[in-house]
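Inspection log for the structure reproduced underneath, given as structure tokens.
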Amino acid sequence: MKRPSFKTEAFVLRFLNYGESDRIITFFTRGFGKLRGIAKGARRSRKRFPNAIEPFSHSILLFSRRGEGGLSIIENCDVINHYPGIRSDLEKTMTASYMIDLADHFTAEGKKSAGIFQLLGDFLGLLETGNSLEETTRFFELRLLRLSGYEPVLGKCVICNTPLDKIGSAFFDATRGGIRCSLCGRGDQECIPVSAGTLKTLLLGKQTETDRIHRLVLSENALKESRVIFRHFIRHILGKEPKSLQVLDEIRKMICPETAKPQSYQGSGVGDRGSVLIPHT
Ligand SMILES: [Zn+2]
């Protein structure tokens, strides 16, 4: 009996070579969520599988399978966007790899998410056409967490509900998934201090339309604080640090060693404004 075939848009999350000429590829698809498939002869046939099966490529995928789950047979893969602008820039490539790696970690096989599919398309598009700003990575993380059901509470204390407007300085508590006010967080070694300015910027970035995100520039202090709390929170949720993040750190150090970003919290930065919005000119 012939297997039914399906067509859907997909991003390549990762692949591994199998046997002499095959590849097992993990995709995140618009119509079927994450799926794994074998592309027979992929390493030989550039016609059926052009550069559509490289990490983060956006393609139209034709596959067949019997029932749900298990390994699909990849019949064809036509590239929509290979992202040449990202691939010609080392830091952008590593940032895109991190985004794809995170999406892989936060999605389960067979679970469809139109929101996460759209997020990948939007943010890879931002990287392709704009600068590789660290802000882009932070807002990607924040939106991915929200779409995966792990949105951190940044607008009020998770213990006493005091709103951020009334909190001068706060502490991030990964276990409770949000901030604590100075009274509720003081003295807890597990909590990370974070300024109200940084939190306000992150809340702003959560709502800003994707095509306006490049206008939102975080101060050095807000970048440093948000980098530390997201890294800590994501590691807490996943129980490990994504490998691509470690590679990204190394690349940043190589590209710009004098400004390589510290990964642990240094100084309070309380009172920092957190961000500036660059007006359109
Ligand atoms: Zn509180």
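Bear in mind these aren't lab numbers, they're just calculated from the coordinates by the rules spelled out. Just so we're clear, the structure is a prediction, and the values are computed from it rather than from any experiment. All Cβ positions, glycine included, derive from the backbone under ideal geometry; neighbour counts span all protein chains shown.
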Requested in this report: Work out the length of the dipole vector of the chain about its Cα centre, built from +1 on the beta-carbon of each Lys and Arg and -1 on the beta-carbon of each Asp and Glu, and round it to the nearest 20 debye.
Outcome: 940 debye
Requested in this report: List the lysines whose Cα lies under 24 Å from the Cα of LYS200, skipping any in the same chain that are fewer than 8 positions away.
Outcome: LYS156, LYS166, LYS224, LYS261
Requested in this report: Please list the non-local residues whose amide H lies under 5 Å from the amide H of ILE159, H modeled 1.01 Å from N, same-chain partners needing a gap of 5 or more.
Outcome: CYS181
Query raised in the report: Net charge near ARG66, counting Lys/Arg +1 and Asp/Glu -1 over other residues with Cβ under 11 Å of its Cβ?
Result: +2
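Rounded, prolate or oblate: pick one for segment 5-85, where a ≥ b ≥ c are the square roots of the eigenvalues of its C-alpha gyration tensor, a/c under 1.5 means rounded, and failing that, prolate if a/b is larger than b/c, else oblate. List each step's numbers first, then the result.
On the way: a/c = 1.57, a/b = 1.09, b/c = 1.44.
Verdict is oblate for segment 5-85.
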Query raised in the report: Hey, how many Å between the Cα centroid of segment 227-255 and the Cα centroid of segment 81-100?
Result: 17 Å
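Using Cα pairs closer than 8 Å and at least 6 residues apart in sequence, work out the relative contact order for the chain, in percent. Write down the numbers at each step before the final one.
Values: 501 pairs, mean separation 40.4, N = 281.
Answer for the chain is 14 percent.
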Query - Volume in Å³ per residue [convex hull over Cα atoms, computed for the chain] - result: 146 Å³
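Quick check on my link table: of LYS2/LYS111; LYS2/LYS112; LYS7/LYS243; LYS40/LYS253, which ones sit more than 28 Å apart, alpha carbon to alpha carbon? Display every interim value, and only then the final one.
Details: LYS2/LYS111 25 Å; LYS2/LYS112 25 Å; LYS7/LYS243 31 Å; LYS40/LYS253 39 Å.
Long pairs (Cα-Cα over 28 Å): LYS7/LYS243; LYS40/LYS253.
For segment 1-157, calculate the relative contact order in percent as a whole number, restricting contacts to Cα pairs under 8 Å that are 6 or more residues apart.
RCO, segment 1-157: 21 percent.
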